[in-house]
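The values are calculated or read from the model by the stated rules, or taken from the named source; none is laboratory data. All values derive from a computational prediction rather than experimental measurement. All Cβ positions, even for glycine, are placed from backbone atoms using ideal geometry, and neighbour counts span all protein chains on display. Just the protein is used for accessible areas: all its heavy atoms, side chains included, with ligands, DNA and RNA removed. Shrake-Rupley method; radii C 1.70, N 1.55, O 1.52, S 1.80 Å.
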Amino acid sequence: MARVWRFDTDVNTDQILPGRYAPYMTSEAELRKYPFIEARPEFAKTVQPGDVIVAGPNFGCGSSREYAPQSLKMVGVGAIFSPLFARIFYRNALNLGLPLFELDLTTLADGADVDLDLDGGTLAHADGTITLPTPPEFLREVRAAGGIIPYFREHGRFPGEEVVA
Amino acid sequence: MNGRTLSEIILSRAAGRSVASGEVVTLEPDVVMVHDSIAPSVIKILREQLHVDRLPHPDRVAVAVDHVAPAANLATAEAQAKLRTWVAEQGIETFFDTGRGIAHQVLIEERLARPGRIVIGSDSHSTAYGAVAAFGTGMGATDIALALASGRTWMRVPETIRIDVVGQFRAGARPKDLALAVVRRLRADGGTYTALEYHGLADLSVGARTTLSTMALEAGAKAGLIDPAGLPSAYPVPEWLQTDPTAGEPSYRERFTIDLDAMRPQIAVPDTVDNVVDLSELGRVPVDVVYLGTCTNGRHEDMAAAAAMLEGRRIARGVRMMVVPASREALQAAIADGTLATLVAAGATIGPPGCGACIGRHLGVLAAGETCLFTGNRNFRGRMGSPDARIYLGSPEVAAATALTGYVCDPNEVAIDAVMAGEGV
Ligand code: SF4
């Protein structure tokens, strides 16, 4: 069983990982200690691998700092659900292989028990099971490869890109 | 035939085929910008994950040390030393080290960003390049590393929100107020995945255009393009970029008009950029710090506007005023015409060109309980230091009026008070 971490709307990257805690200022090894360090200090201490984040719209707005989604991936966040993600965050998460779903699940309470099955495409909770939308081809390919870099290394091109002979 | 948006024109040319919004294209960016804050991650990904020792196009790379310039501690000093070695190894000539200024400002000054180009940067405010009608957008470390390694990147052609600006700036309203009014209208996520496209601003300086293009990001936009009409001749507009007046209306996702005649000074209230009110609706908010700088409002014209109001006066007792020029050019211009001397005489503290305390790392970080009037682009909780500091966003003129009175203040109010020449005013 995993749990839901509920967040509000417009969660920005300064909340997820304040600039002062960037690897540039500290060190990459410490990154896992810092997600939501000021906004929600208990998060990094108690989050368990497979837990999910459920937020209102515009999750990840603000800076381009990839260490924000990277820190969430490091602590094992299984997926993030928000009706709308900020563009750069979405792209960064996609590149890192951190699953995002454009879904409004804000009826789920903070701390609710859930069971995320990414392969089966479901999220089970106390009152039922949600079928997760099938991501577009592009995303599926990147996710299956484990991120854009493994994808690129394997194929020598971006998904959908025509290889010019 | 339907007309095309600026994004469609620029991205079609780069993709080598006619593309419309919604399509995904792969293209070769003209410039890939990397700054000191993200460079260590980018270099690490290049080495450890992509195993690339030599970049294929060092001539298309611009590197800036701006986020922590000069280095604030041992960790940043060592990271910057490694960055310098890497830049030399790669033969990157467009390297803007400590003191040259904020990458966005510098790339525009150096004309690395110019009409019709595609500039991607390791920084969200890379929308800045839209000021000179370059398609500028921000990406994370992995995307930037891949672009450096392959010379290519992918992107989705954005839909466009067209903003027609009519009327004249008056009654203390400035380009920053327009930028805030747009975020107020669209909200923080109203422009997500879109390009904002401004028309009707042919009279605006490149600097004022940059205020608008940097802040497009605060509505979630991928790009913030200003119609190139009226750009100085240093930024020639290629013929292919000129929109065809005989073509029909492009398909916009949304289109609206903003009337400057009706605009008054705007203020973004903590803790979100879209929490904007007319300054006249704000009660009396005392401040501890006034901070003039950043890629949004740290140019010579911004400093000069503040200096014109501070000339012969002193900032209020108990207020600290930081002025951090966006670039060395801006600083030099402010030295040459006496702007800097005026600001210093009024009691301001001058920082080295760069990002300064914009991200709360050095050079004027805020303490718990402090309030700052900031000419930058973000007022998120914790942005400039303590999560218990409060940040209000306003124009350089509001900054000067606030410095004089000690509370968030309408520039019109100070102009009247000045006649009475009160203490601290
Ligand atoms: S001045 Fe601030 S917003 Fe602009 S690039 Fe630097 S840190 Fe980012």
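Of everything listed in (1) open to solvent by 40 Å² or more (accessible area, probe 1.4 Å); (2) within 16 Å of the ligand (Cβ to nearest atom), the single unmet condition for B:Asp302 is (1).
Residue by residue, here is whether (1) touching an Asp or Glu at 6+ places or on another chain (Cβ under 7 Å); (2) within 14 Å of B:Asp302 (Cβ to Cβ) holds:
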{"site": "B:Ala357", "(1), (2)": "no, no"}
{"site": "B:Gly364", "(1), (2)": "no, no"}
{"site": "B:Phe374", "(1), (2)": "no, yes"}
{"site": "B:Asn377", "(1), (2)": "yes, yes"}
{"site": "B:Gly385", "(1), (2)": "no, no"}
{"site": "B:Leu393", "(1), (2)": "no, yes"}
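Scanning the range B:122-143 for residues that are assigned to a helix (DSSP H, G or I) and more than 27 Å from B:Leu231 (Cβ to Cβ) turns up B:Ala141, B:Thr142, B:Asp143.
Within the range A:3-16, the set of residues being at the interface with chain B (Cβ under 8 Å from one of its Cβ atoms) and assigned to a strand (DSSP E or B) comprises A:Asn12 only.
Could you list all residues from the range B:253-269 that are assigned to a loop (DSSP other than H, G, I, E, B) and either surrounded by 18 or more Cβ atoms within 10 Å (Cβ to Cβ) or on the phi > 0 side of the Ramachandran plot (or both)? Correct list: B:Met263, B:Pro265, B:Val269.
So that you can scan it fast, the table gives a plain yes or no per residue for (1) surrounded by 14 or more Cβ atoms within 10 Å (Cβ to Cβ); (2) within 18 Å of the chain's Cα centre (by Cα); (3) more than 11 Å from every other protein chain (Cβ to nearest Cβ):
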position: A:Asp117; (1), (2), (3): no, yes, yes
position: A:Ala124; (1), (2), (3): yes, no, yes
position: A:Thr129; (1), (2), (3): no, no, yes
position: A:Pro133; (1), (2), (3): no, yes, yes
position: A:Glu137; (1), (2), (3): no, no, no
position: A:Arg140; (1), (2), (3): no, yes, yes
position: A:Tyr151; (1), (2), (3): yes, no, no
position: A:His155; (1), (2), (3): no, no, yes
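In the set (1) at pLDDT 95 or above; (2) touching a helix residue (DSSP H, G or I) at 6+ places or on another chain (Cβ under 8 Å), the condition left unmet by B:Pro238 is number (2). Looking at the structure I just gave you, is B:Glu109 more than 13 Å from chain A (Cβ to nearest Cβ) and among the acidic types (Asp, Glu)? Considered against the rule, which asks whether it is more than 13 Å from chain A (Cβ to nearest Cβ) and among the acidic types (Asp, Glu), B:Glu109 comes out as yes.
The strands (runs of 3 or more DSSP E) found wholly in the range B:1-83 and carrying at least 1 residues that are within 16 Å of the ligand (Cβ to nearest atom) occupy B:31-35, B:61-64.
Summed over the range B:288-298, the residues that are open to solvent by 10 Å² or more (accessible area, probe 1.4 Å) and either more than 16 Å from the ligand (Cβ to nearest atom) or out of contact with any His (no Cβ under 7 Å at 6 or more places or on another chain) (or both) give a count of 1. Scanning the range B:112-127 for residues that are more than 13 Å from the ligand (Cβ to nearest atom) and within 14 Å of chain A (Cβ to nearest Cβ) returns B:Val119, B:Ile120.
Here is a yes/no grid of residues against (1) within 25 Å of B:Ala234 (Cα to Cα); (2) surrounded by fewer than 16 Cβ atoms within 10 Å (Cβ to Cβ); (3) in the same structural domain as B:Ala39 (by TED's automatic domain parsing); (4) not aliphatic (A, V, I, L, M):
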site	(1), (2), (3), (4)
B:Val61	yes, no, yes, no
B:Ala72	no, yes, yes, no
B:Thr76	no, no, yes, yes
B:Ala79	no, no, yes, no
B:Trp86	no, no, yes, yes
B:Thr94	yes, no, yes, yes
B:Arg111	yes, yes, yes, yes
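Applying the criterion of at least 2 residues that are crowded, with 24+ Cβ neighbours inside 10 Å to the strands (runs of 3 or more DSSP E) found wholly in the range B:153-243 leaves B:159-166, B:194-199, B:223-226. Among the residues of the range B:380-398, those identified as within 15 Å of the ligand (Cβ to nearest atom) and within 20 Å of B:Ala208 (Cβ to Cβ) are B:Leu393, B:Pro396.
The set of residues in the range A:17-48 being of a type outside the set (Lys, Arg), in contact (Cβ under 8 Å) with a residue 40 or more places away in the chain and either assigned to a helix (DSSP H, G or I) or more than 16 Å from the ligand (Cβ to nearest atom) (or both) consists of A:Gly19, A:Pro23, A:Leu31, A:Pro35, A:Val47, A:Gln48. Reported count of residues in the range B:141-152, each being in contact (Cβ under 8 Å) with a residue 24 or more places away in the chain and either more than 9 Å from chain A (Cβ to nearest Cβ) or open to solvent by less than 20 Å² (accessible area, probe 1.4 Å) (or both), is 8.
Look at the range B:1-23: where a residue is among the hydroxyl-bearing types (Ser, Thr, Tyr) and a partner is part of a helix (DSSP H, G or I), sitting 6+ places away or on another chain with Cβ atoms under 7 Å, you get B:Ser18/B:Ser12; B:Ser21/B:Glu8.
Looking only at residues in the range B:9-42 that are among the acidic types (Asp, Glu) and under 23 Å from the mean Cα position of the chain (by Cα), the one that is surrounded by the most Cβ atoms within 10 Å (Cβ to Cβ) is B:Asp36. Across the range B:351-379, the qualifying residues are those that are within 11 Å of the ligand (Cβ to nearest atom), under 26 Å from B:Ala181 (Cβ atoms) and open to solvent by 10 Å² or more (accessible area, probe 1.4 Å), and the one among them that is nearest to the other protein chains (Cβ to nearest Cβ) is B:Ile359.
Yes or no, residue by residue, for (1) more than 28 Å from B:Val34 (Cα to Cα); (2) open to solvent by 10 Å² or more (accessible area, probe 1.4 Å); (3) among the small types (Gly, Ala, Ser):
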position: A:Pro35; (1), (2), (3): no, no, no
position: A:Arg40; (1), (2), (3): yes, yes, no
position: A:Ala44; (1), (2), (3): yes, yes, yes
position: A:Asp51; (1), (2), (3): yes, no, no
position: A:Ser63; (1), (2), (3): no, yes, yes
position: A:Leu72; (1), (2), (3): no, no, no
position: A:Ser82; (1), (2), (3): yes, no, yes
position: A:Phe85; (1), (2), (3): no, no, no
position: A:Asn92; (1), (2), (3): no, no, no
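When B:Arg328, B:Arg314 are checked against the criterion of being more than 22 Å from B:Leu180 (Cβ to Cβ), away from the ligand (no atom under 16 Å from the Cβ), away from every other protein chain (no Cβ under 14 Å) and of a type in the set (Lys, Arg), a single residue qualifies: B:Arg314. Considering every residue within the range B:233-252, establish whether at least one is more than 30 Å from B:Arg13 (Cα to Cα), in contact (Cβ under 8 Å) with a residue 60 or more places away in the chain and hydroxyl-bearing (Ser, Thr, Tyr). For the range B:233-252, residues more than 30 Å from B:Arg13 (Cα to Cα), in contact (Cβ under 8 Å) with a residue 60 or more places away in the chain and hydroxyl-bearing (Ser, Thr, Tyr): absent.
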